[in-house]
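S.K.: A single structure is presented below for examination.
The values are calculated or read from the model by the stated rules, or taken from the named source; none is laboratory data. This structure is a prediction, so every number in the text was calculated from the model and none was measured. Positions of Cβ are generated from backbone atoms using ideal geometry, with glycine treated the same way; all protein chains shown enter the neighbour counts. When the accessible area is computed, the model is the full protein with side chains, heavy atoms only, and any ligands, DNA or RNA have been set aside. Shrake-Rupley method; radii C 1.70, N 1.55, O 1.52, S 1.80 Å.
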Amino acid sequence: MAFKMIFSDMDGTLLKSVSEISQKNADKIKEATSKGVAFVLCTGRGVYGVEKFLAQLGLVEKEGYVICQNGAAVYDLSTMNLLLRHNFSAETLRPVVECARKMDIEIYLYDDRTFLAEAETEETRRYCRVMGADMRILPDGLSYDGYFTKCLLSAPFAKLQALRQEVAPLVADSLDMFYSSDVYLEFVKKGVNKGRALQETATKAGVPLSEVIAIGDSDNDLPMIQAAGLGIAVANAKDHIKEKADYVTTNTCEQDAVAEVIDKFILGKDEK
């Protein structure tokens, strides 16, 4: 099978824990794209947390796509303009925000390139440093006059589990929720996920799903792993993600798992 597109998660998959792309991963990606294989970053991050990595990979102002906010926003690499946007109103999010406030859980809100928080804290400052985001403080996020593409809640896992149980029946018809890590619970419009974005993007590029690879590690990656012709979990992925994958890498994200995939399935050589 000749694969023509690779969709890769970033955090926990392509990036090392220090939020950087290794030189080996970057070199292999460039080698793959030089052979005509499209490489698509598919992340929960806002686009501002992706652009420096696109530049490092030589993908800026090239034909192609980048998928952000877990599929809620898809951008055209040649112009960095939005091609696809799935959003929801502040009122739709009200049960989530009110419950998060009650449980003292940090609330992050996204609208394309706008990143909002209800308060500036050590955690929001750290998040903005890592993601390269400019923070806008809005004490009452529900008063925002635009539409959100994503909401992220940050707290210890036990707190997030408790909130999820409480709000699930209240937003079941309007929002989807999933964990992107043990400290992040995310909300997007109903039906939005990385798998749907992968399908829409591959269709736009004219590439059959049978010729698509998807690589990930966490719950928000599962829809694209299952949608792709070849779904891959990295070695550090959660066990239930590995169980659903077609292939599990030998290497973790710290050991250039994406380079392993490219060597094996694109360049036709196993890593030594």
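S.K.: As an exercise: evaluate residue 183 against (1) open to solvent by 40 Å² or more (accessible area, probe 1.4 Å); (2) touching a His at 6+ places or on another chain (Cβ under 7 Å) and give the number of the one condition it does not meet.
M.R.: (2)
S.K.: Scan the range 21-30 and tell me whether some residue there is modelled with pLDDT under 95, within 21 Å of residue 133 (Cα to Cα), open to solvent by less than 20 Å² (accessible area, probe 1.4 Å) and of a type in the set (A, V, I, L, M, F, W, C). Break it down stepwise before answering.
M.R.: Our first condition is that a residue be modelled with pLDDT under 95; within the range 21-30, this holds for none.
Within the range 21-30 (the criterion being modelled with pLDDT under 95, within 21 Å of residue 133 (Cα to Cα), open to solvent by less than 20 Å² (accessible area, probe 1.4 Å) and of a type in the set (A, V, I, L, M, F, W, C)), the answer is no, since none of the residues qualifies.
S.K.: Spot the failing condition for residue 201; the list is (1) farther than 25 Å from residue 254 by Cβ; (2) open to solvent by 20 Å² or more (accessible area, probe 1.4 Å); (3) not acidic (Asp, Glu), and only one is missed.
M.R.: Tallying (1) farther than 25 Å from residue 254 by Cβ; (2) open to solvent by 20 Å² or more (accessible area, probe 1.4 Å); (3) not acidic (Asp, Glu), residue 201 fails exactly one: (2).
S.K.: Might you let me know whether the range 75-83 holds any residue that is at pLDDT 95 or above and of a type in the set (A, V, I, L, M, F, W, C)?
M.R.: So far as the range 75-83 goes, no, none of its residues is at pLDDT 95 or above and of a type in the set (A, V, I, L, M, F, W, C).
S.K.: Could you check how many residues of the range 132-170 are touching a residue at least 60 places away in the same chain (Cβ under 8 Å) and surrounded by fewer than 19 Cβ atoms within 10 Å (Cβ to Cβ)?
M.R.: Selection size over the range 132-170: 5.
S.K.: Now for a different question. Of all the strands (runs of 3 or more DSSP E) wholly in the range 161-247, which have at least 1 residues that are closer than 21 Å to residue 88 by Cβ and modelled with pLDDT of 95 or more?
M.R.: Counting at least 1 such residues, we get 175-181, 184-189.
S.K.: Show me the strands (runs of 3 or more DSSP E) found entirely inside the range 35-127 where at least 2 residues are out of contact with any Gly (no Cβ under 8 Å at 6 or more places or on another chain) and open to solvent by 10 Å² or more (accessible area, probe 1.4 Å).
M.R.: 81-85
S.K.: Also, I was wondering about something else. Pick from 87, 70: which is under 23 Å from residue 173 (Cβ atoms), of a type outside the set (A, V, I, L, M), modelled with pLDDT of 90 or more and touching a Phe, Trp or Tyr at 6+ places or on another chain (Cβ under 7 Å)?
M.R.: So the residue among 87, 70 that is under 23 Å from residue 173 (Cβ atoms), of a type outside the set (A, V, I, L, M), modelled with pLDDT of 90 or more and touching a Phe, Trp or Tyr at 6+ places or on another chain (Cβ under 7 Å) is 87.
S.K.: Let me ask something else about it. Determine which single condition residue 59 fails, assuming it passes every other condition in (1) farther than 20 Å from residue 199 by Cα; (2) in contact (Cβ under 8 Å) with a residue 40 or more places away in the chain.
M.R.: (2)
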